[in-house]
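Report on the structure given below.
The values are calculated or read from the model by the stated rules, or taken from the named source; none is laboratory data. On a predicted model such as this, the values are computed, not experimentally measured, just so you know. FYI the Cβ positions are ideal-geometry reconstructions off the backbone, even for glycines, and counts take in every protein chain you see. Note: accessible area is taken over every heavy atom of the protein model, side chains too, but ligands, DNA and RNA are not part of it. Shrake-Rupley method; radii C 1.70, N 1.55, O 1.52, S 1.80 Å.
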Amino acid sequence: MSNNQSIEVASNTIRRMWETHGIKEPMRFLGFCLSMLPIPGIQQAGAALDRHLGDKAFEAKLEELWSEISAANELVSKVATLEEAIQEIAKTIEASPSLENKANQFIASLSTSQQEFSVLTENQSYQELRNSIIHADISAFIAKSGSTNVIQGSTVNSERTHLHATDNSKNFVDGTTFQGASGAVSMKGITTQGPISVQGSGIGFGAGGSITFGGNPNLVSGNCPICNELLQVDKRELAKYSQIQCHRCKTVIPFKLPNA
């Protein structure tokens, strides 16, 4: 669920809170919650958490959630580091729809009062938002001058979201839901260009706006040397492997990723 950079920033935020409040096990869950937010919002949410920790109702809810999570997976309290704990918590919550719903509600309460969230990528650059939860009145994802935004596995809770890509740029959206008060729009494997707006359950197209299927900028492909089957995989998922199995003939093939 969380990516490594978010986990690192969230863990360091919790360690600073430990210096003030002492080391408390349930704060491992707070680290997970922070890791689910976009990196620019982690420190802001961390400051809000710091103020909440003296509130008895907040601490009671935190203890309740932690008890459920640790009962489902004892490793969340046994692993040595915060980073490992956050990864174990993510696995536990992914396996339980009930816990996932409770965690999402808790995370939403950490992100109140944000009016606008924006991502701007320009000058042939690349920016990625993965497995995050955004809460803001308005969200905007803007790509300019040959740039790419990737929004994947995320939830955007906003009354209006703008997706804008110009000058051979694109926004690639995959497994992401845009949720408003009057409905939701989910996108999987979609590339947007030009001005696109999402509000409630509707999509609006500005002048030159378009939506197409496919366009994942991280997709790598090749043919199986045995049966010639076309194999396509997201290279981010392959980073820690040195071989792949053909889904057709089951041959195990060594591979090397192309240079970024």
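For K56, a cut-off of 27 angstrom between C-alpha atoms picks up these lysines, skipping any fewer than 8 places away in its own chain: K24, K78, K102.
Computed in the context of the full set of protein chains, the accessible area of region 116-213 at 1.4 Å probe radius has 46% of its extent on carbon or sulfur.
Across q = 0.11, 0.13, 0.23 Å⁻¹, region 107-239 modelled as identical point scatterers on its alpha-carbon atoms has Debye log10 I(q)/I(0) values of -0.41, -0.56, -1.42, in the order of the q list. Computed packing ranks the peptides 164-176, 69-81, 190-202 as 164-176, 190-202, 69-81, most packed first, by mean other Cβ atoms within 10 Å. Other residues within the sphere of radius under 15 Å centred on the Cβ of A184, judged by their own Cβ, net out at +1 (K and R +1, D and E -1).
Cysteines in the chain lacking any other cysteine Cβ under 4.7 Å from their own Cβ: C33. One Cα centroid belongs to region 188-260, the other to region 58-103; the line between them spans 32 Å.
The accessible surface of region 3-112, taken with every protein chain in place and a 1.4 Å probe, is 49 percent carbon and sulfur. Annotation: per residue accessible area for region 1-140 equals 51 Å², rounded to a whole number [probe 1.4 Å, protein chains only]. By the helix-only formula, in which each DSSP H run with n ≥ 4 contributes -39500 (n - 2.57) and the sum is divided by residues, the chain has a 222 nm mean residue ellipticity of -11000 deg cm²/dmol.
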